[in-house]
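Participant: This structure is in structure tokens; I'll ask about it shortly.
The values are calculated or read from the model by the stated rules, or taken from the named source; none is laboratory data. This one's a predicted model, so the numbers in the text were calculated from it and none came from an experiment. Note: ideal-geometry Cβ built from the backbone for every residue, glycine included; neighbour counts use all protein chains shown. SASA here: full protein model, heavy atoms, side chains in, ligands and nucleic acids out. Shrake-Rupley method; radii C 1.70, N 1.55, O 1.52, S 1.80 Å.
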Amino acid sequence: MLRFLFTRISLIFVSLLVVSLAIFAVTEVLPGDVANMILGQGATPQDLANIRRDLGLDRPATVRYLDWISHAMRGDLGDSYIQRRPIVEVVTDRLKNSAMLAVFAFLFSVPSAVFTGVVLGVRKDRWLDQVVSLVSLVGISMPEFVTGVVLIVIFATTFGILPSSSIMMPGTSPLTRPEVMVLSTLTLTGAFFAYVMRMTRANVIDVLETNYVRTAILAGLPMRTVLLRHVVPNAMLPTISIIALTSGWMLGGLIIVESVFAYPGVGSLVLTSITTRDVPLLQALALLIAVAYGISN
């Protein structure tokens, strides 16, 4: 067991190093100049050179990467170019908001998806199975921003029962206005729910066709007992792996969902850092998302 854990942790560490190289390489080729973003278009060449030197941008890329990754491994993510304060302070509140949204989406979607998948697997090819399977296929196919817009049109514009955005005052917790999280949570869980549900359904169908389950049914065991003791536990083994993998994918979906609803989380902060060319902030956020993805796997 310890050897397995050591191997997995080592693989995560190596993967994060590779990801950090990719993140740094991508931020290096981003168009635009952070010095111009800070000083404005009227800055003189001397002023631009001075601020690049102050920010360390005049150093070779290799030196800057090694300096960045060595500090990141010690928990020091550096300072934001634009906000001029430690990135840890910038990210803390946003990270809490994103974690809250992801947890709510996870708690809402996983139990309901597993339950629905079990029910449809037992009722294979009936009208309910066909209808829900078709709807779930549509849900998987639709990008998050399309799902978000559709939900806004239905619940905010047409019926007016939910706010169309998640804008909040700085420093305010989403729990003070839980209604602002409803549409963003539903959008984030759309494809996630559909994918987990379909995988659970397929696993239940496979287990129901095994010899030991057929033997249990022929032996006269109640169907409920067969499901709870034999079908569901064995069907959940591959489903759990799918849930973990899909949870990492859901973290990436936060960027789109938070942008659609102006939710003050890590995802919207990623887009802000790209727009303002705040490279250290962008690198730190991308690395944090990669860490969360690696841990979920």
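Participant: Taking 8 Å as the Cα distance limit and 6 or more residues as the minimum spacing, I'd like the relative contact order of the range 1-116 as a percentage.
Facilitator: After rounding, I find 13 percent.
Participant: Moving on. In square nanometres, what is one fourth of the surface area of the convex hull spanned by the alpha carbons of the chain?
Facilitator: The Cα convex hull of the chain, projected and averaged over all directions, gives 20.5 nm².
Participant: In degrees from 0 to 90, rounded to the nearest 10, what is the angle of the helix 61-73 Cα long axis to the longest principal axis of the chain?
Facilitator: 60
Participant: If the only charges are +1 at each Lys and Arg Cβ and -1 at each Asp and Glu Cβ, what is the size of the charge dipole of the chain around the Cα centre, to the nearest 20 debye?
Facilitator: So the magnitude is around 920 debye.
Participant: Reported to two decimal places, what Rg/Rh ratio describes the range 142-297 when computed on Cα atoms with Rh from the Kirkwood expression?
Facilitator: Reported Rg/Rh (Cα atoms, Kirkwood Rh): 1.13.
Participant: So, one more: Just to verify a number: FRET efficiency for Thr62 and Leu218, C-beta to C-beta distance, R0 = 51 Å, to 0.05?
Facilitator: 0.15
Participant: With each run of n ≥ 4 DSSP H residues scored as -39500 (n - 2.57), what mean residue ellipticity at 222 nm is computed for the chain after dividing by its residue count and rounding to the nearest 500 deg cm²/dmol?
Facilitator: -24000 deg cm²/dmol
Participant: Here's a follow-up. Amide H to amide H under 5 Å from Asp79: which residues, 5+ apart in sequence or cross-chain, H placed 1.01 Å off N in plane?
Facilitator: The answer is Ile87.
Participant: Place a +1 charge on the Cβ of each Lys and Arg in the range 148-240 and a -1 charge on the Cβ of each Asp and Glu, then give the dipole magnitude about the Cα centre in debye, rounded to the nearest 20.
Facilitator: In total the dipole reaches around 200 debye.
Participant: Under a Cβ-Cβ cut-off of 11 Å, what is the net charge of the residues other than Ser166 that fall near it, where Lys and Arg count +1 and Asp and Glu count -1?
Facilitator: -1
Participant: Please state, to two decimals, what the Cα-based radius of gyration of the range 127-177 comes to when divided by 2.2 N^0.38 Å (N = residues).
Facilitator: Compared with the compact-globule rule of thumb, the range 127-177 sits at 1.57.
Participant: Under unit Cβ charges (Lys, Arg +1; Asp, Glu -1), what dipole magnitude, rounded to 20 debye, does the range 1-73 have relative to its Cα centre?
Facilitator: For this selection, approximately 420 debye.
Participant: What is the angle, in °, between the Cα long axis of helix 127-141 and the longest principal axis of the Cα atoms in the chain? Nearest 10 is fine, range 0 to 90.
Facilitator: 10
Participant: Moving on to the next point. Report the net charge of residues surrounding Leu188, where surrounding means a beta-carbon distance below 12 angstrom and charges are Lys +1, Arg +1, Asp -1, Glu -1.
Facilitator: Its environment carries a net charge of -2.
Participant: Carbon-plus-sulfur fraction of the accessible area of the chain, 1.4 Å probe, in percent?
Facilitator: Its accessible area is 69 percent carbon and sulfur atoms.
Participant: Along the charge dipole of the range 109-223, pointing to its positive end and built from +1/-1 on Cβ of Lys, Arg, Asp and Glu, which listed residue (Phe145, Ile161, Ser173) has its Cα farthest out?
Facilitator: Farthest towards the positive end: Ile161.
Participant: For the range 19-114, what does the accessible surface come to per residue with a 1.4 Å probe? Please give it in Å².
Facilitator: For the range 19-114, the solvent-accessible area averages 58 Å² per residue.
Participant: Sticking with this one: From zero up to wherever the largest Cα-Cα distance of the range 14-108 sits, split into 10 Å bins and tell me the percent of pairs in each.
Facilitator: 13, 34, 34, 15, 4, 0
Participant: Next question. Three principal axis extents, largest first, for the C-alpha atoms of the range 158-214, in Å?
Facilitator: Extents along the principal axes: 59, 29, 13 Å.
Participant: In nm, give the distance between the simple-model label positions of Lys124 and Phe108, each being 7 Å from the Cα along the Cα-to-Cβ direction.
Facilitator: Placing both labels 7 Å beyond Cα along the Cβ direction yields 3.2 nm.
Participant: Send over the Kirkwood Rh of the range 1-40, from the inverse of the averaged 1/r over different Cα pairs, rounded to one decimal Å.
Facilitator: 12.7
Participant: For the range 108-209, taking Cα atoms only, what is the radius of gyration to one decimal and the Dmax to the nearest whole Å?
Facilitator: Reported Rg and Dmax, both Å: 16.4, 55.
Participant: Could you tell me the center-to-center distance, by alpha carbons, between the range 79-132 and the range 243-293 in angstrom?
Facilitator: Measuring centre to centre over Cα atoms gives 14 Å.
Participant: Quick query: amide H of Ala262 versus all other amide H atoms, modeled in the peptide plane; which residues come in under 5 Å with a sequence gap of 5 or more or a different chain?
Facilitator: Ser166
Participant: Ok, one more. Going out from 0 in 5 Å bins, what whole percent of all Cα-Cα distances in the range 194-272 drops into each bin?
Facilitator: Distribution as computed: 3, 14, 18, 13, 11, 10, 8, 7, 6, 5, 3, 1, 0 percent.
Participant: Let me check the size of the range 81-124 from its C-alpha atoms; what are the radius of gyration and Dmax in Å?
Facilitator: Here Rg and the maximum Cα pair distance are 18.7, 59 Å.
Participant: Separate question: Taking 8 Å as the Cα distance limit and 6 or more residues as the minimum spacing, I'd like the relative contact order of the chain as a percentage.
Facilitator: Relative contact order comes out at 27 percent.
Participant: In whole percent, what relative contact order does the range 169-239 give with Cα contacts below 8 Å and a gap of six or more residues?
Facilitator: Over the range 169-239, the number comes to 33 percent.
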